[in-house]
Amino acid sequence: MLASWCADMRMPEAEVSITVDLVRALLREQHADLAGLSVVDAGEGWDHRQFRLGAELLVRLPRRQAAAAVIEHEQRWLPVLAPRLPVAVPSPVRVGQPGCDFPWAWSVAPWFTGDIAATVNPDALAPPLGEILLALHPPAPPDAPVNPFRTSLVSRSEVFAERVSRVGHRLDRTAAAAVWDAAVRAPSWKGPPVWLHADLHPANLIVHDGHLAAVIDFGDLTAGDPAVDLAVAWMLWPRSIRESFRNVVDRSSPWTDDATWRRARGWALALGVAYLANSEDNPTMDTIGHRTVAAVLGGGPD
């Protein structure tokens, strides 16, 4: 039982072996003009493995079947969204196909120099991030991707309770239950489905020279309730900065109201608990989870 529980605390296992040699082979086969550039392992997340390609590019490949459609969503939609956003995003510059015994599509995208927001002081990011979300959140078209994991808080109640049972020693269960109840009882989203990044946490924000230089990893891109993205407020800032972020959003957004922010707080709690429950082997995400849960349970805009 202990071994099974510990396994659940880690990232999903990769389903294919992705190496520097594989990346070089794919480039020689499909993008020969890039094959002479250096290839350096840049790490992996739940869904993808990345390699820096030369000085200015990144190769991004799915590491499991569940992520295969995700990268196709980025290839289809980031070129559409990028021109409307006041920040750089990893819109693919080349598209790769299955080959060299690798079974899925893959991408070459820009490399962004900087640090993730999880490792720097993010206080100055509130106004620009608010403006970015205002630009991202217009209504999405009917053929936008559907992400079942970002549809409603109520649908997450069972998995939320299961994860709280695993990490309950790291949080106040009574306080968490109260926040969750308030969030799921808030009126549901009545507006049109808007574009969502849907995985907007501090490790997906690149900061360079104190400025927000890029928003990365749009693999969970979907349409739905803006509260999903607004949950980032509890992942980044203390209450005073969260309120300034809320002011930026509320001044210009036609969508947000008190219920939106109650749902956003619930999403922050759900995601923070998920990071705690699945990041034993990822200290960065474990720290983000701990800070997010502490911020949510310590109070926030209602």
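Only the Cβ atoms of Lys and Arg (+1) and of Asp and Glu (-1) were treated as charged; on that basis the dipole of the range 108-256 about its Cα centre amounts to roughly 500 debye. Could you tell me how many degrees, from 0 to 90 and to the nearest 10, lie between the Cα long axis of helix 126-136 and the main elongation axis, the longest principal axis, of the Cα atoms of the chain? Roughly 70 degrees, rounded to the nearest 10.
Which FRET efficiency value, to the nearest 0.05, do you get for Ala182 and Glu13 by plugging their Cβ-Cβ distance into 1/(1 + (r/R0)^6) with R0 = 51 Å?
Approximately 0.90, to the nearest 0.05.
DSSP assigns beta bridges within the chain; of those with both partners inside it, close to 95 percent run antiparallel.
Helix 258-278 and the longest principal axis of the C-alpha atoms of the chain enclose an angle of approximately 60°.
Using Cα-Cα distances under 8 Å and only pairs 6 or more residues apart, what relative contact order does the range 56-166 have, in percent? Kindly include the intermediate steps, with their values, before the conclusion.
Values: 92 pairs, mean separation 29.3, N = 111.
Here the relative contact order equals 26 percent.
In terms of its C-alpha gyration tensor, the range 125-176 comes out oblate, because a/c is 1.5 or above while a/b does not outweigh b/c. Rolling a 1.4 angstrom probe over the protein heavy atoms with all chains in place gives the range 252-302 an accessible area of 33 Å² per residue.
When the solvent-accessible area of the chain is split by element, carbon and sulfur atoms take up 54 percent of it, the probe being 1.4 Å. Across the range 219-236, computed HN-Hα scalar couplings (Karplus, 6.51 cos²θ - 1.76 cosθ + 1.60, θ = phi - 60°) run x, 8, 2, 7, 10, x, 7, x, 4, 4, 6, 5, 4, 4, 4, 7, 7, 10 Hz from first to last residue, x flagging Gly and Pro. Under the classification rounded if a/c is under 1.5, otherwise prolate if a/b is larger than b/c and oblate if not, where does the chain fall, given a ≥ b ≥ c as square roots of the Cα gyration tensor eigenvalues? Prolate, since a/c reaches 1.5 and a/b exceeds b/c. Put a dot 7 Å past each Cα toward the Cβ at Arg173 and Val40; how far apart are the dots in nm? Spacing of the two 7 Å Cα→Cβ label points: 4.7 nm.
If R0 is 35 Å, the Cβ-Cβ spacing of Ser152 and Glu56 corresponds to a FRET efficiency of close to 0.30. Counting only alpha carbon atoms, the long axis of helix 20-30 and the longest principal axis of the chain meet at about 70°. Specify whether the C-alpha gyration tensor of the range 193-302 places it in the rounded, prolate or oblate class, a ≥ b ≥ c being the square roots of the eigenvalues: rounded for a/c under 1.5, otherwise prolate if a/b is larger than b/c and oblate if not. Since a/c stays below 1.5, the shape of the range 193-302 is classed as rounded. When shorter helices are ignored and each DSSP H run of at least 4 residues is given -39500 (n - 2.57), the per-residue value for the chain at 222 nm works out to -13000 deg cm²/dmol. Selection among Thr260, Ala214, Thr284 by position relative to the dipole of the chain gives Thr260 as farthest towards the positive end (Cβ unit charges, Cα centre). In the assembled protein chains, Glu243 presents an accessible area of approximately 80 Å² (probe radius 1.4 Å).
If contacts are Cα pairs under 8 angstrom and at least 6 residues apart, what is the relative contact order of the chain in percent?
19 percent
Taking the average, over residues, of other Cβ atoms within 10 Å as the packing measure, peptides 268-281, 135-148 rank 268-281, 135-148 from highest down. Estimated from the Cβ-Cβ distance and a Förster radius of 35 angstrom, the FRET efficiency linking Asp21 and Glu72 is about 0.90.
A cut-off of 5 Å between modelled amide H atoms, ignoring neighbours fewer than 5 places along the same chain, links Ala213 with Ile206, Val207, His208.
The values are calculated or read from the model by the stated rules, or taken from the named source; none is laboratory data. In this text the structure is predicted, and so the values were computed from the model without any measurement. Cβ sites come from the backbone with ideal geometry, for glycine too, and all protein chains shown count toward neighbours. Just so you know, the surface numbers come from the protein's heavy atoms only, side chains and all, with ligands and any DNA or RNA stripped out. Shrake-Rupley method; radii C 1.70, N 1.55, O 1.52, S 1.80 Å.
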